[in-house]
Amino acid sequence: MKTTFHLLTGVCGIVLACSGCATNPITGRSQASVVSDAEAARESTRAYSQLVSQAQVQGALETNPQTIARVRRITERLVPQAVQLRPETRSWRWEVHVIRSKEVNAWCMAGGKMAVYTGLLSTIQPTDDELAQVMAHEISHALLSHQAEKMSRVQMQKTGLQLGVLAGAMAGYNLQGVAGLADTAATVALQLPNSREAESEADSVGIRLAAQAGYDPRAAVTLWEKMRRVSGAGSMELLSTHPSPQSRIEAMRVLAEKYLPVYQQRKF
Ligand SMILES: [Zn+2]
């Protein structure tokens, strides 16, 4: 009976490995895609609207009209460039809210649902060019299907557990409790940090996106220098999964040089 267990999980593993990948049109990298961008966007839209209503009830939505207008102005310049880079995101209902929180953070979910935290604005005191770099980096995670990729990994693990239950039942084991440990894909995906590879991709695409929108790529260097100084303030998405901050800044310098001509051409 043990043979049945191994055979079944083995066969299913092979099926998942073959059918669950897609090539990202921007990077050409093969990514897990058991959960599609469309599904990730649907889940995120639901999660985002819950989060925004909750924030509203708790009085955690920023109301300062100047702050909101500033963030929206930058978003409105970045989004058309994002759509140009990944045309299928045209159907996304791009949206941004400013959240009152001490955390130095910002994010963009699949489906173009964004948030900028007031802690980022007050601690970093970014110029518009620097804030655009943060937002372009976050938008790039969505364009590069990083959330769908994380959700796919979670889904594959979950499916693996369910198949294990099936095989286990056949083999006389009761693994039902183990399958119950698998959380919903959306929740887990939003809480899982991005890989270093995903961070480097978002850095590179983000600086390009910002340059195309007329934001100075050299601001990426000054932004991450400021970030390094406040790294103790703890931003999960922005600071946690990178190699050393110094090597990131050096990589940013090279990218800034590369995209400077794009900025100089597009400068508004
Ligand atoms: Zn990131």
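Within segment 78-123, the set of residues being closer than 18 Å to Asp203 by Cα, β-branched (Val, Ile, Thr) and in contact (Cβ under 8 Å) with a residue 60 or more places away in the chain comprises Val79, Val104. Count of segment 247-260 residues, restricted to those that are over 22 Å from the mean Cα position of the chain (by Cα) and loosely packed, with under 14 Cβ neighbours inside 10 Å, is 3. Flag: Ile139 matches the condition of being at pLDDT 90 or above, assigned to a helix (DSSP H, G or I) and closer than 22 Å to Ala41 by Cβ.
Do any residues in segment 216-237 that are under 12 Å from Glu103 (Cα atoms) have Cβ atoms under 9 Å from those of residues that are of a type in the set (A, V, I, L, M) and at pLDDT below 70, where the two are at least six apart or on different chains, and which pairs are they? Taking only residues 6 or more apart or on different chains, the pairs are Val230/Leu239; Ser231/Leu239; Ala233/Leu239. None of Val104, Val98, Val83, Val71 is under 19 Å from the mean Cα position of the chain (by Cα) and surrounded by fewer than 18 Cβ atoms within 10 Å (Cβ to Cβ) except Val83. Out of the residues in segment 100-152 that are over 19 Å from Arg72 (Cβ atoms) and among the basic types (Lys, Arg), state the one that is farthest from the ligand (Cβ to nearest atom). Per the criteria, the residue is Lys102.
For every residue, the table says whether it meets (1) away from the ligand (no atom under 15 Å from the Cβ); (2) modelled with pLDDT of 60 or more.
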position: Leu192; (1), (2): no, yes
position: Ser195; (1), (2): no, yes
position: Gly206; (1), (2): no, yes
position: Ala211; (1), (2): yes, yes
position: Ala220; (1), (2): no, yes
position: Ser240; (1), (2): no, no
position: Gln246; (1), (2): yes, yes
position: Ala251; (1), (2): no, yes
position: Tyr259; (1), (2): yes, yes
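The values are calculated or read from the model by the stated rules, or taken from the named source; none is laboratory data. Note that the structure is predicted; figures quoted are calculated from it, not measured. Every residue, glycine among them, receives a Cβ derived from its backbone with ideal geometry; neighbour counts consider all protein chains shown.
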